[in-house]
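Data first, discussion second: the structure below is written as structure tokens.
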Amino acid sequence: METLLLPFSPRYIVLTICSVVTLLLLGIGLFDPKVINLVVIPILVFGGLTILGIHDLLQKDHAILRSYPIAAHMRFLLEEIRPEMRQYFFESEKDGMPFSRDTRAVVYQRAKMVLDKRPFGTQRDVYEEGYEWMHHSMAPKPHATEPFRITIGGPDCTQPYSASVFNISAMSFGALSPNAVRALNAGAKKGGFAHDTGEGGISPYHQEMGGDLIWEIGSGYFGCRNRDGSFNAPDFARLSSNDQVKMVELKVSQGAKPGHGGVLPAAKVSEEISRIRGVAMGEDCISPAYHKAFSTPLQMMEFIGEMRRLSGGKPAGFKLCIGHPWEFLAICKAMLQTGIYPDFIVVDGKEGGTGAAPLEFMDHLGMPMREGVNFVHNALVGIGARDRIKIGAAGKIATAFDIARAMALGADWCNSARGFMFSLGCIQSLSCHTDRCPTGVTTQDPLRSRALVVPLKAERVYNYHRATLHALAELIAAAGLEHPQQIRPIHFSHRASGTDVLSFTRLYPPLRPGELLNGTGDARFREAWDMARADSFAPAG
Ligand SMILES: Cc1cc2nc3c(=O)[nH]c(=O)nc-3n(C[C@H](O)[C@H](O)[C@H](O)COP(=O)(O)O)c2cc1C
């Protein structure tokens with residue numbers, strides 16, 4: 001029945017009307033040739049629009065035209081005449097969109113490999129409070145040729161992974177359409193970078209393309225779950241030993257909804273997803289806000305050790321958004337006490353994205369990426385474990401400057417979710433939670449996900465990654481450095497006011513190696529360290 005009504009769905013109504021009117025007019029013209037002069041122009045107009053609409057449905061370049069044949073040309077027209085007008089018709093930028101038009105434009109251009117240079121000089125107000133810049137050198141280095149990589153895996157890891165410094169952040173199949181997962185993974189395969197599965201399990205679309213995977217398990221344990229929702233070790237061992245899985249990641253929290261667990265709205269729980277995740281169809285698919293597999297920092301470290309053992313010694317780590325500082329320091333104390341250390345920690349910023357979350361959580365809970373990354377970096381330095389644990393950063397990192405800045409604050413590599421969504425053609429319509437994504441990125445409706453043409457978008461994912469690393473290599477060379485891991489806070493400045501400029505070293509003072517073990521005077525850490533306990537996430541005293 002639904003398919004029968006499709007021509008009347010808002011997306012196709014314009015094309016349906018044009019083709020019906022054309023047929024009607026043709027009928028009238030054929031039935032009564034005397035009126036042919038009257039109908040010939042309308043036949044040409046509506047006929048022409050019908051042909052355009054059919055072309056839109058079949059062309060591959062523009063996902064939005066495949067979703068909204070004929071109608072979506074309005075969007076391009078508005079973009080052409082007055083970019084600002086677009087926001088009134090299609091996007092309300094009045095109240096601030098997660099990503100600025102400028103950043104999206106750079107990503108689109110890099111994905112399409114069109115000129116991403118700018119004429120005439122910066123459009124930023126460099127005297128505005130908060131403006132930040134990186135220092136160049138009078139002795140720039142030659143441009144690095146090899147894409148930048150790092151090795152992830154500490155002393156207990158027997159299968160370390162050579163990772164790109166820029167990878168696809170966790171987004172589950174379910175939040176994303178099958179075609180989006182395919183295109184991301186195919187792009188990662190071609191570019192030699194990693195694709196984090198998100199908490200929705202490893203889907204056939206991840207496996208189809210063969211790109212490197214970081215398998216993330218959240219509190220729903222999708223893919224390695226018993227009927228009661230608890231963790232299933234044999235299933236985990238079987239799936240994590242798959243060659244395509246390069247690292248295993250425990251999701252503790254996500255910046256956009258820390259302490260809230262995951263929600264896949266019922267509208268998006270298809271038969272396929274219910275099978276892959278082992279959950280009921282037609283109901284909200286909830287990942288609880290807490291884990292069943294552990295409830296203390298000590299147990300969490302043992303679980304990380306267990307994940308590494310079950311995966312055959314692959315790098316094992318966890319992802320979180322920093323909440324109460326003493327809780328992360330409690331994990332540090334548990335590392336010291338158990339001697340079990342993760343191989344990596346991914347820090348997600350409060351400004352991170354999600355498929356769906358309550359406003360209060362999205363706007364007011366969790367530490368922003370910069371403070372979170374720097375806090376984790378300093379805490380690991382403070383317990384003398386920084387060398388054995390790599391830090392990944394996520395949270396509005398879409399350009400080379402964002403990557404360089406996160407690395408100055410302590411990150412070893414960066415992940416992007418929405419940056420890669422833009423490379424897939426996302427137009428930030430903010431309808432991820434409705435299953436009505438206009439570009440086929442975040443929908444389980446096959447008629448909408450057909451808008452996303454996999455081979456073309458896979459190329460754009462690959463291009464975006466390559467062009468962003470190219471821009472990073474240019475930045476690094478201009479600063480007189482050879483590898484992003486050489487970036488330090490001293491290389492960045494921040495405008496605190498019209499006349500006050502601070503170096504990042506002042507804004508983010510470093511802890512000395514082992515300082516937390518010997519009792520620190522640093523107010524950012526002293527109190528929280530004293531409150532932290534390895535045997536509980538609750539504060540001491
Ligand atoms: C559609 C969508 C789905 C996401 N799903 C997950 C998930 O399953 N697990 C997770 O740890 N983070 C998830 N995230 C968070 C991202 O991985 C990332 O940490 C966050 O969005 C910050 O990166 P960004 O600013 O580049 O988007 C999701 C984000 C988006 C936009």
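The values are calculated or read from the model by the stated rules, or taken from the named source; none is laboratory data. What you see is a predicted model, and the numbers here were worked out from it, not measured in a lab. Positions of Cβ are backbone-derived with ideal geometry, glycine not excepted, and every protein chain shown enters the neighbour counts. To get the accessible areas, we keep the full protein, side chains included, count just its heavy atoms, and leave off ligands, DNA and RNA. Shrake-Rupley method; radii C 1.70, N 1.55, O 1.52, S 1.80 Å.
Loop-only trypsin sites (Lys or Arg not before Pro) in region 407-468, please: DSSP not H, G, I, E or B, and at most 12 other Cβ atoms within 10 Å. Intermediate values should be presented prior to the final figure.
Values: sites: 418, 436, 448, 450, 457, 460, 466; in loops: 436, 450.
Listed in order of number, the matching sites amount to none.
Taking amide hydrogens as modeled 1.01 Å from N in the peptide plane, which residues meet the under 5 Å criterion relative to residue 414, leaving out close sequence neighbours?
HN-HN under 5 Å from residue 414: 166, 167, 393.
What number comes out for accessible area per residue over the chain if the probe is 1.4 Å? Units Å², please. Walk me through the numbers before you get to the answer.
Working: 23820 Å² over 541 residues.
For the chain, the per-residue accessible area is 44 Å².
Name the longest site-free stretch of the chain, where the excluded sites are chymotrypsin sites (Phe, Trp or Tyr not before Pro) in a DSSP loop with no more than 10 other beta-carbon atoms within 10 Å. Walk me through the numbers on the way to the answer.
Details: sites that count: 120, 127.
The longest uninterrupted stretch comes out as 128-541.
Going down the table (189/333; 292/333; 141/350; 112/251; 257/390; 268/390), which pairs top 31 Å between alpha carbons? Working shown, then result.
Values: 189/333 38 Å; 292/333 21 Å; 141/350 35 Å; 112/251 33 Å; 257/390 24 Å; 268/390 35 Å.
The pairs that break the limit, which is 31 Å between Cα atoms, are 189/333; 141/350; 112/251; 268/390.
Provide the per-residue ³J(HN,Hα) series for region 507-520, in order, calculated from phi with Karplus coefficients 6.51, -1.76, 1.60 and θ = phi - 60°, each as a whole number of Hz, with x at glycine and proline positions.
Running phi through 6.51 cos²θ - 1.76 cosθ + 1.60 with θ = phi - 60° gives 6, 10, x, x, 7, 7, x, x, 4, 5, 6, 9, x, 9 Hz.
Restricting to the chain, compute how many DSSP beta bridges are antiparallel as a %, nearest 5. If you can, show how the numbers build up before the last one.
Numbers: 15 of 43 bridges.
That works out to approximately 35 percent antiparallel.
Hydropathy at least -0.5 by Kyte-Doolittle, axial extent at least 18 angstrom from the Cα trace: which helices of the chain, defined as entire DSSP H runs, fit? All intermediate terms of the calculation are to be shown ahead of the outcome.
Values: long enough: 13-31 (26 Å, 2.69); 36-58 (32 Å, 2.04); 178-191 (20 Å, -0.46); 297-310 (19 Å, -0.06); 325-338 (20 Å, 0.63); 369-382 (19 Å, 0.28); 454-478 (36 Å, 0.17).
Qualifying helices: 13-31, 36-58, 178-191, 297-310, 325-338, 369-382, 454-478.
Return the long-range amide H neighbours of residue 285 (sequence gap of 5 or more, or a different chain), with a cut-off of under 5 Å between placed amide H atoms.
264, 266
What is the distance in Å between the Cα centres of region 409-467 and region 18-53?
Taking the Cα centre of region 18-53 as reference, the centre of region 409-467 is 40 Å away.
Relative contact order for region 10-73 using alpha-carbon pairs under 8 Å, separation at least 6, rounded to a whole percent? All intermediate terms of the calculation are to be shown ahead of the outcome.
Details: 61 pairs, mean separation 25.4, N = 64.
Relative contact order of region 10-73: 40 percent.
Pairs of alpha-carbon atoms within less than 8 angstrom and 6+ residues apart define the contacts here; what relative contact order does the chain have, in percent?
19 percent
Given bins 10 angstrom wide, list per bin the percent of all Cα-Cα distances in region 189-274, short to long.
Histogram of Cα-Cα distances, whole percents per bin: 16, 47, 33, 4.
Hey, can you grab everything whose amide H is under 5 Å from the amide H of residue 409? Only 5+ residues off in sequence or another chain; H modelled, so Pro and N-termini drop out.
Long-range HN contacts for residue 409: none found.
Please report, largest first and rounded to whole Å, the three semi-axes of the ellipsoid equivalent to the chain, where each semi-axis is the square root of five times an eigenvalue of the C-alpha gyration tensor. Walk me through the numbers on the way to the answer.
Numbers: eigenvalues 409, 166, 79 Å².
Each semi-axis is √(5λ); the values are 45, 29, 20 Å.
Starting from region 128-231, pick out the trypsin sites (Lys or Arg not before Pro) whose DSSP state is loop and whose Cβ has at most 16 other Cβ atoms within 10 Å. Don't skip to the answer; put the middle values down first.
Working: sites: 149, 182, 189, 190, 225, 227; in loops: 227.
Those satisfying the criteria are 227.
With each label point set 7 Å from Cα along the Cα-Cβ vector, what nm distance links residue 123 and residue 522?
Each label point is offset 7 Å from its Cα along the Cβ direction, giving 3.9 nm.
Past the 19 angstrom mark, what percentage of all C-alpha to C-alpha distances in region 10-73 do you count? Numbers along the way, then the final one.
On the way: 718 of 2016 pairs.
Considering region 10-73, 36 percent of its Cα-Cα pairs are separated by more than 19 Å.
Once neighbouring chains are kept in place and the probe is 1.4 Å, which whole percent of the accessible area of the chain is contributed by carbon and sulfur? Walk me through the numbers before you get to the answer.
Values: 14170 of 23820 Å².
For the chain, the apolar C and S fraction of the accessible surface comes to 60 percent.
Given the DSSP H assignment, sum -39500 (n - 2.57) over each helix run of at least 4 residues in the chain and divide by its residue total; what's the result at 222 nm in deg cm²/dmol, nearest 500?
Working: 21 runs with 215 residues, N = 541.
Rounded to the nearest 500, the figure is -12000 deg cm²/dmol.
Using the alpha-carbon centroid of each, what span in Å lies between region 236-254 and region 358-391?
Taking the Cα centre of region 358-391 as reference, the centre of region 236-254 is 22 Å away.
Where does the charge balance sit around residue 383 when Lys and Arg score +1, Asp and Glu -1, over other residues with C-beta under 10 Å from its C-beta?
Values: positive: 333, 386; negative: 515.
It works out to a net charge of +1.
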